[in-house]
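Single-structure report; data block below.
The values are calculated or read from the model by the stated rules, or taken from the named source; none is laboratory data. Bear in mind that the values here come from a model prediction, so they are computed numbers and not experimental data. Cβ sites come from the backbone with ideal geometry, for glycine too, and all protein chains shown count toward neighbours.
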Amino acid sequence: MRVLLDENFPAPRGFDPADLDAHLDVTTLVDHDPALVGNRTPDWYLYLVAHEAGFDALVTRDWHQSAQTEEMWVITRTDLSVITWKKPQDDPVVEWAQILAYMPQLRGLREKCGPSVFFLPAPSLEERHHVLRTADRLGELASEQGRAKQELMNEARANAVEWLDERDLVPKHAQTLGL
């Protein structure tokens with residue numbers, strides 16, 4: 001998938017997304033056409049240029065483009081998609097991680113839906129949905145097995161110590177494990 005990065009999208013030096021996804025070809029707007037950078041070029045014109053250059057998608061932090069008539073009209077005349085966020089992260093690591101993680105799905109959706117605006121979800125780690133407290137989980141495991149939590153913990157400790165002892169590793173890890 002050929003992707004053009006909008007001028008404000010991060011492109012860290014030395015980072016080549018193709019190293020992680022061989023099907024991804026990324027070009028920055030400044031590398032593609034420096035004359036389009038910094039002179040208030042309308043977004044719809046960037047879409048037109050990207051389409052005519054054979055790009056499949058433009059990545060931008062500016063989700064507001066989806067609310068602009070000219071931008072949406074030009075996209076309907078092209079094979080170009082836009083990848084953005086309704087809640088931009090302003091964190092290059094998060095943004096690139098999401099692009100790379102969602103790229104297989106983006107390719108599939110692009111094939112299925114055609115030119116579209118794809119909104120990547122805001123990453124979140126909500127405590128009630130995404131956090132598993134290990135001490136609580138040990139209690140759940142004990143309950144599932146019809147055993148006392150302390151009994152289960154003692155067994156786990158004995159198994160770990162036995163494994164370490166067989167390899168003469170107890171002294172190395174004794175402090176961490178409270179042995």
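Residues in the stretch 135-146: is at least one under 19 Å from GLU7 (Cβ atoms), at pLDDT 95 or above and not β-branched (Val, Ile, Thr)?
Quick first cut of the stretch 135-146, residues under 19 Å from GLU7 (Cβ atoms) only: none.
No, the conditions are met nowhere in the stretch 135-146.
Can you tell me which residue in the stretch 1-30 is farthest from the chain's Cα centre (by Cα), limited to those that are of a type in the set (Asp, Glu) and either within 20 Å of THR84 (Cβ to Cβ) or not assigned by TED's automatic domain parsing to the domain that holds LEU80 (or both)? Spell out how you get there, then give the answer.
So the first thing to find is which residues in the stretch 1-30 are of a type in the set (Asp, Glu), and the list is 6-7, 16, 19, 21, 25.
Then keep just the ones that are either within 20 Å of THR84 (Cβ to Cβ) or not assigned by TED's automatic domain parsing to the domain that holds LEU80 (or both); that gives 6-7, 21, 25.
Values: ASP6: 18, GLU7: 20, ASP21: 13, ASP25: 17 Å.
Here the residue is GLU7.
Sort out which residues of the stretch 119-144 are free of Cβ contacts under 8 Å to residues at least 40 places away in the same chain and outside any helix (DSSP H, G or I), and write them in order of number.
First, the residues of the stretch 119-144 that are free of Cβ contacts under 8 Å to residues at least 40 places away in the same chain: 120-144.
Scanning the stretch 119-144 gives LEU120, PRO121, ALA122, PRO123, SER124, LEU125, GLU126, VAL131, LEU132, ARG133.
Could you list, in sequence order, the residues of the stretch 115-155 that are more than 18 Å from the chain's Cα centre (by Cα) and among the small types (Gly, Ala, Ser)? Give the steps one after another, and end with the answer.
The first filter runs over the stretch 115-155 and keeps only residues more than 18 Å from the chain's Cα centre (by Cα), leaving 115-116, 127-129, 131-155.
Selection gives SER116, ALA135, GLY139, ALA142, SER143, GLY146, ALA148.
Given the residues LEU100, LEU24, which is the only one that is in contact with a Leu (Cβ under 8 Å, 6 or more places away or on another chain) and exposed (fewer than 14 other Cβ atoms within 10 Å of the Cβ)? Spell out how you get there, then give the answer.
Values: LEU24 fails: exposed (fewer than 14 other Cβ atoms within 10 Å of the Cβ).
From the options LEU100, LEU24, the qualifying one is LEU100.
Which residues, counting only those in the stretch 70-104, are polar (S, T, N, Q) and modelled with pLDDT under 90?
Taking the stretch 70-104 first, the residues polar (S, T, N, Q) are 76, 78, 81, 84, 89, 98.
Result: GLN89, single match.
Against the conditions (1) free of Cβ contacts under 8 Å to residues at least 40 places away in the same chain; (2) under 21 Å from the mean Cα position of the chain (by Cα), where does TRP44 fall short? Just the number, please.
(2)
What is the number of the single condition among (1) crowded, with 16+ Cβ neighbours inside 10 Å; (2) outside any loop (DSSP other than H, G, I, E, B) that ALA11 does not meet?
(2)
Residue check: is LEU106 at negative phi and in contact with a helix residue (DSSP H, G or I) (Cβ under 6 Å, 6 or more places away or on another chain)?
On the way: at negative phi: yes; in contact with a helix residue (DSSP H, G or I) (Cβ under 6 Å, 6 or more places away or on another chain): no.
Judged against the criteria, LEU106 is not a match.
Regarding the stretch 84-93, can at least one residue be identified that is within 19 Å of PRO121 (Cβ to Cβ), surrounded by fewer than 13 Cβ atoms within 10 Å (Cβ to Cβ) and aliphatic (A, V, I, L, M)?
yes
Tell me which residues, restricted to the stretch 103-157, are within 30 Å of ILE75 (Cα to Cα), charged (D, E, K, R) and surrounded by 11 or more Cβ atoms within 10 Å (Cβ to Cβ). It would help to see each step written out before you state the result.
Step one: of the stretch 103-157, the residues within 30 Å of ILE75 (Cα to Cα) are 103-123.
Then drop every residue that is not charged (D, E, K, R), which leaves 107, 110-112.
The answer is ARG107, ARG110.
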